[in-house]
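Beneath this line is the structure, given in structure tokens, with notes to follow.
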Amino acid sequence: MEAIVQPTAAAAADLVARLIAHELRANPSLVLGLATGRTMEAVYQCLTRMHRDENLDFSLCRTFNLDEYVGLSGSDPHSYRHYMNQHLFLRVNIDVRNTHLPNGCAADLDAECVRYEQAIARAGGIDLQLLGIGRAGHLGFNEPLSALRSRTRVKALSPVTREQNALMFDSLEHVPTRAITMGVGTILECRRCLLLATGAEKAAIVARAVEGPITSMVSATALQLHPRCTVVVDEDAAGNLTESDYYRWIFANEPEWEEYR
Ligand code: GLP
């Protein structure tokens, strides 16, 4: 795992967008794993700007999102499909038929989870998976006790997650109780993982995810098992990392990061 500390949240999001753009330019048919949440809005803004000003081309790109709420249709303003349309899909030249999210309204949810895994496999697997981190350390909706080898499935949302996401709904009781999420095992199979966390409220959980012991209680710790995972944080989210001087030295000196400094 590599951890990169950027001075501000805007700089961290910009770096993540540049890493994505680099991969997309190298492979226009990139299979891109996407994430939702407030943190990602800045990344999608950067990608939209790069599409407009730098001809970043999404026409052949295929996407798979991490998760979707059970019971919300794509037209529901609280659904992750709606979020993706608003923040990215309708702002760039992506073919919407190439964008995939689990269907939270499927009649047979278990069959939908199997179908989603099969669609990822048919696309050849995910090349680059963008990830946020919830306050309790979940990736997607891999809540506490998510098996490290879990696949796409229905997961009950923890009270902490429902409370955190209530800000986007009118009230806590409107937050769905379940979601379909890619599993930890599904995420670990992606060729590259890219996690973005910003803000002081993420500092404690970032330190656990990056430097703490691997545990199914905090699914983000599983990223320590991934051979190619980059964690990008701002100064505030880096606040509890014990080895941040070492991480800073690597970013400042190693040739692989030269074009991003
Ligand atoms: C939701 C999403 C996660 C995301 C998390 C953090 O729970 N399912 O994928 O990482 O929110 O969101 P935020 O960026 O708003 O803190």
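Where a number appears in this text, it was derived from the coordinates with a stated rule and is not lab data. None of these values were measured; they are calculated from a predicted model. Neighbour counts run over all protein chains shown; Cβ positions are idealised from the backbone, glycine included.
Around the Cα centre of the chain, unit charges on the Cβ atoms of Lys, Arg, Asp and Glu (plus for the first two, minus for the last two) sum to a dipole of about 580 debye.
Loop-resident chymotrypsin sites (Phe, Trp or Tyr not before Pro) (DSSP state other than H, G, I, E or B) in the stretch 100-178 with no more than 10 further Cβ atoms inside 10 Å of their Cβ are absent. Structure remark: mean-square fluctuation, Gaussian network model of the chain, C-alpha springs under 10 Å; the largest value among 124, 71, 134 belongs to 124. Remark on residue 30: its backbone amide H falls under 5 Å from those of 62, a criterion applied only to residues 5 or more positions apart or on other chains, H modelled at 1.01 Å from N.
Mean residue ellipticity at 222 nm from the helices of the chain, using -39,500 (n - 2.57) per DSSP H segment of n ≥ 4 over the full residue count, to the nearest 500 deg cm²/dmol?
Details: 8 runs with 85 residues, N = 261.
Mean residue ellipticity, 222 nm, calculated: -10000 deg cm²/dmol.
Under the simplified labelling scheme, the residue 60-residue 106 pair shows an inter-label distance of 2.9 nm, with each label point 7 Å from Cα along Cα→Cβ.
Just subtract the alpha-carbon distance of residue 52 and residue 214 from 0.36 nm times their residue separation and send over the number in nm, one decimal. Can you show the working numbers first?
On the way: separation 162, 0.36 × 162 = 58.32 nm, distance 4.09 nm.
Working it through step by step, the gained length comes to 54.2 nm.
In Å, what Kirkwood hydrodynamic radius results for the stretch 1-132 from the alpha-carbon pair distances? Answer for the stretch 1-132: a Kirkwood hydrodynamic radius of 15.4 Å.
3J(HN,Hα) couplings calculated from phi for the stretch 65-72 with the Karplus curve 6.51 cos²θ - 1.76 cosθ + 1.60 (θ = phi - 60°) are, in sequence order, 7, 5, 7, 7, 5, 6, x, 9 Hz; Gly and Pro show x. For the chain, 46, 61, 105, 113, 190 stand unpaired, since no other cysteine beta carbon lies under 4.7 Å from theirs. Measuring spread by the Cα atoms of the stretch 100-218 yields a radius of gyration and Dmax of 14.6, 41 Å.
Between residue 215 and 221, 222, the built amide H atoms are under 5 Å apart, and every one of these is 5 or more places off in sequence or on another chain. Relative to its residue count, the stretch 2-255 spans a Cα convex hull of 119 Å³ per residue. Taking amide H as placed 1.01 Å from N in the peptide plane, the amide H of residue 6 sits under 5 Å from that of 233, 234, 235, each at least 5 places away or on another chain.
The GNM of the chain, with springs linking C-alpha atoms under 10 angstrom apart, assigns the highest mean-square fluctuation among 33, 137, 239 to 239.
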